[in-house]
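Step one of this worksheet: look at the structure below.
The values are calculated or read from the model by the stated rules, or taken from the named source; none is laboratory data. Keep in mind it's a predicted model, so treat the numbers as computed, not measured. Because the Cβ atoms are built from the backbone with ideal geometry, glycine has one as well, and the counts that use them run over all protein chains shown.
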Amino acid sequence: MSLAFFKAPGPAYRHVPAARLFAATVSLAVVSTAAAAADMPLKAPPSPPVYQWTGCYIGINGGAGASSSNFNANVGVGTYLTGSDPATVGADGGGSANQTKLAGGGQLGCNWQINTVVFGIEGDFDYFHSDSNFYNNTDTLAAGTAFVAGQSLTTNYLATVRPRIGIAADRNFAYITGGVAFTDVNYTVSYADAAGGAGSASASKSLTGWVVGAGWEYAFVDHWTLRFEYLFSSFPSTSASGTIVGPGGTNPLSGSGDLVIQVARAGMNYKF
């Protein structure tokens, strides 16, 4: 057999360098890994923990307060005002009055949270000076004598002790509240006429009443909260008795006034 039939291997049979083969293998592996990673679902970042309202706090508040009073006056039978005059003075000396003033102070309390329900207890003290007064000088006695009858009731502060209960939604807390309210009052009933008759009576006392309200509080950072609150408080009547003295005689004079205080305020608390 002739050796002419045997030829040297052509280009297709040449040996591939090892370095080129390794590089191709690595490239294929990288492309496959990237494709597999693209098909994998992305994990969501972990959610921040839900805010907890349990703990104690102290804070300040400020806003506006409105006081209102209903006044009653009575002039008894006597020797100065006679006939229909005592009834006229008593009817004209009673009425209602209100006044709005600034209020401000501080509060402290504690909360306990169970699931989404928050229980708490709070005490607060606000400076609140109001002077609701009523005066009538548009009427005359039977003889045509002009007179003035009036009453006033002054407060200096409002303090409360109140349980709170509400629902928390993370950093938001909406609540209702109610409890005991405290204040002091200075009350005066007075009378004077153009004929020289005059008289007054006063009383000063501390009052205990009740209070209800509602509010919303927001924790804008972990230890600080901002709140808006409305309170309605009611107190018993304060009364005083005295004497009208005029030319030729006297008459008993008495009066009373109740008190309602409404407060709308904002506050900020530091939570321990």
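On the basis of being among the charged types (D, E, K, R) and buried (at least 21 other Cβ atoms within 10 Å of the Cβ), does Arg164 make the cut?
Yes; evaluated as a whole, the condition is true for this residue.
For the range 146-154, indicate whether the set of residues that are loosely packed, with under 14 Cβ neighbours inside 10 Å and closer than 30 Å to Ala87 by Cβ is non-empty.
Yes, that holds for at least one residue.
Please verify whether Ala201 is assigned to a strand (DSSP E or B), touching a residue at least 60 places away in the same chain (Cβ under 8 Å), surrounded by 14 or more Cβ atoms within 10 Å (Cβ to Cβ) and not hydroxyl-bearing (Ser, Thr, Tyr), treating the condition exactly as stated.
For Ala201, the condition - assigned to a strand (DSSP E or B), touching a residue at least 60 places away in the same chain (Cβ under 8 Å), surrounded by 14 or more Cβ atoms within 10 Å (Cβ to Cβ) and not hydroxyl-bearing (Ser, Thr, Tyr) - is not met.
Considering only residues that are in contact with a Leu (Cβ under 7 Å, 6 or more places away or on another chain) and among the hydroxyl-bearing types (Ser, Thr, Tyr), look in the range 170-209 and name the one that is farthest from Gly150 (Cα to Cα).
For the range 170-209, the residue satisfying everything is Thr183.
Report whether or not Ser256 is within 30 Å of the chain's Cα centre (by Cα) and in contact (Cβ under 8 Å) with a residue 40 or more places away in the chain.
Taking the combined requirement at face value, the residue satisfies it.
Any idea which of (1) without any contact (Cβ under 8 Å) to a residue 40 or more places away in the chain; (2) among the aliphatic types (A, V, I, L, M); (3) loosely packed, with under 14 Cβ neighbours inside 10 Å is the one Ala142 doesn't satisfy?
So Ala142 meets the others, but not (1).
Could you say which residue among Thr145, Thr138 is within 30 Å of Val75 (Cβ to Cβ) and modelled with pLDDT under 95?
Thr138
Step by step: first the residues of the range 173-224, then only those that are among the charged types (D, E, K, R) and at pLDDT 95 or above, then the one that is nearest to Asn61 (Cα to Cα). Which residue is that?
Ranking the qualifying residues of the range 173-224, first place goes to Glu217.
Can you tell me how many residues within the range 91-138 are exposed (fewer than 15 other Cβ atoms within 10 Å of the Cβ) and assigned to a loop (DSSP other than H, G, I, E, B)?
Selection size over the range 91-138: 4.
Being crowded, with 18+ Cβ neighbours inside 10 Å and of a type outside the set (A, V, I, L, M) is the filter here; which residues of the range 223-241 pass it? Can you show your working first?
Going through the range 223-241, the residues crowded, with 18+ Cβ neighbours inside 10 Å turn out to be 225, 227, 229, 231, 233, 235, 238, 240.
Across the range 223-241, the qualifying residues are Thr225, Arg227, Glu229, Ser233, Phe235, Thr238.
Taking Ser84 as meeting all but one of (1) without any contact (Cβ under 8 Å) to a residue 60 or more places away in the chain; (2) in contact with a helix residue (DSSP H, G or I) (Cβ under 6 Å, 6 or more places away or on another chain), write down the number of the exception.
Going through the list (1) without any contact (Cβ under 8 Å) to a residue 60 or more places away in the chain; (2) in contact with a helix residue (DSSP H, G or I) (Cβ under 6 Å, 6 or more places away or on another chain), Ser84 breaks only (2).
Which of the numbered conditions does Thr154 fail, given that it passes all the others? Conditions: (1) more than 25 Å from Ser204 (Cα to Cα); (2) in a strand (DSSP E or B); (3) free of Cβ contacts under 8 Å to residues at least 40 places away in the same chain.
For Thr154, the failing item is (1).
Is at least one residue of the range 178-188 of a type in the set (Phe, Trp, Tyr), more than 21 Å from the chain's Cα centre (by Cα), buried (at least 18 other Cβ atoms within 10 Å of the Cβ) and part of a strand (DSSP E or B)?
yes
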